[in-house]
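Quick notes on the structure that follows.
Every number here is computed from the coordinates shown, using simple stated rules; none is lab data. The structure displayed is predicted, hence computed values, not measured ones. Neighbour counts run over all protein chains shown; Cβ positions are idealised from the backbone, glycine included.
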Amino acid sequence: MSKEIRIRIIALQAVMVLVFGFCAGFLYWGNGFVNGMIHDQLVAQQIYFPAQGSPSLKALPAQDAAAMQKYAGQQLTTGDQAQVYSEHFIAVHLKDVAGGQTYAQVSAAAQANPQNTKLAAQVQTLFRGETLRGLLLNAWGWSQVALYALYAAIGLTVAAVAVFCALAFEVAMAVRRAPATAGDRLGRDLKVAGTRS
């Protein structure tokens, strides 16, 4: 390999190490930032899972109760907890509010019959429940983005280390195969001349 090509390869590898390292660092930071924001926002809401063996958990269908048992008694602070709470607690209770009808269906019925206070109360309950559920699922969605950012950061870290190893190899080969400089040749010539005399 010619010297010019080797220099280009070394320069390209050095740039790749810097780019991969910067991108990995940014993704690690992004992961921490998103998870920190989710934690801080959820902690401020002061939402707690029902305690182990509580009537609230026992009243849930078996599959939903099993999902909720994992976090029983804990404060809701993570995206995964938000997903479980919204899908296995809030969603179950919202189905009971108006016989499984959605907010849009009940709201349309309430608008058609504005004197019906039961429908009006169901509209308010469904609106609040669906809003909270949506906000919690939004937190879960962002936690998934943070998780994918972490995976990407790990992949880029591995790539940066691999390219750095290749760079170190190329530099070692360049130093090992470097042609002798004029000073090196003069030193060898003097050494050889010294042994002859």
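Of all residues in the stretch 101-132, those that are more than 22 Å from residue 88 (Cα to Cα) and part of a loop (DSSP other than H, G, I, E, B) total 4. Comparison of 130, 170 shows that the only residue that is touching a residue at least 24 places away in the same chain (Cβ under 8 Å), of a type in the set (Asp, Glu) and under 30 Å from residue 14 (Cα atoms) is 170.
Considering only the stretch 133-155, how many residues are under 25 Å from residue 88 (Cα atoms) and in contact with a helix residue (DSSP H, G or I) (Cβ under 6 Å, 6 or more places away or on another chain)? The number of residues fulfilling the criteria is 8.
Checked against (1) touching a Leu at 6+ places or on another chain (Cβ under 6 Å); (2) within 19 Å of residue 45 (Cα to Cα), residue 74 meets all criteria but (1).
Answer with yes or no whether residue 105 is out of contact with any helix residue (DSSP H, G or I) (no Cβ under 7 Å at 6 or more places or on another chain), among the polar types (S, T, N, Q) and within 18 Å of residue 42 (Cβ to Cβ).
When the stated conditions are applied, residue 105 does not pass them.
Of everything in the stretch 81-100, what is under 17 Å from residue 57 (Cβ atoms), without any contact (Cβ under 8 Å) to a residue 12 or more places away in the chain and of a type outside the set (Asp, Glu)? Give them in sequence order. Once the filter is applied, which keeps residues that are under 17 Å from residue 57 (Cβ atoms), without any contact (Cβ under 8 Å) to a residue 12 or more places away in the chain and of a type outside the set (Asp, Glu), the stretch 81-100 yields only 95.
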